[in-house]
Amino acid sequence: MRKCLAFNLILIVILAVACTGRRGGENRSSGSQPVDTGKAILTFVSLEHDFGRIKEGEKVGCIFTFTNTGTSNLILNNATTSCGCTVPKYDRKPIAPGASGSIEVVFDTSGRNGMQTKSITVQSNAAPPVTLLQIRAEVIPNDK
């Protein structure tokens, strides 16, 4: 009986020691504290581009330039447009703090007439995670 009681007491002490230091995902065995990895901040030179007056059927493009003004790598997850006539191109590599990048936007005016406004939604790991870009153009009929 004494051996069983002693064994149970030792087992309880071992379990109690093993379970301490593992609260809330902290790693106490190495003595390290959670590290603040910082945040990426997506800062565009301009959020809008106006092509002015262009003829129907033209394909025009512009480049939106940005800088990661944060303290962590910036990752562009996605760039979507409000219309299939507008196509964004961007690099999917992480952008280091202080580095710059760009998003190229091509607008096909075929079948368009009048004032056109198109949106490009950029999703990233930045603060804030969604940025809205806009392009505008007045598409005039092509004289045939």
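Readers should treat all values here as calculations from the given coordinates under stated rules, not as data from a laboratory. Note that the structure is predicted; figures quoted are calculated from it, not measured. As a convention, Cβ positions derive from the backbone with ideal geometry for all residues, glycine included, and neighbour counts pool all protein chains shown.
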Is there a residue being of a type in the set (A, V, I, L, M) and under 30 Å from residue 38 (Cβ atoms) anywhere in region 134-144? no
Restricting attention to region 53-86, and to residues there that are out of contact with any strand residue (DSSP E or B) (no Cβ under 7 Å at 6 or more places or on another chain) and in contact (Cβ under 8 Å) with a residue 24 or more places away in the chain, which single residue is surrounded by the most Cβ atoms within 10 Å (Cβ to Cβ)? 58
Residues in region 103-129 that are of a type in the set (Ser, Thr, Tyr), assigned to a strand (DSSP E or B) and more than 13 Å from residue 43 (Cβ to Cβ) total 3
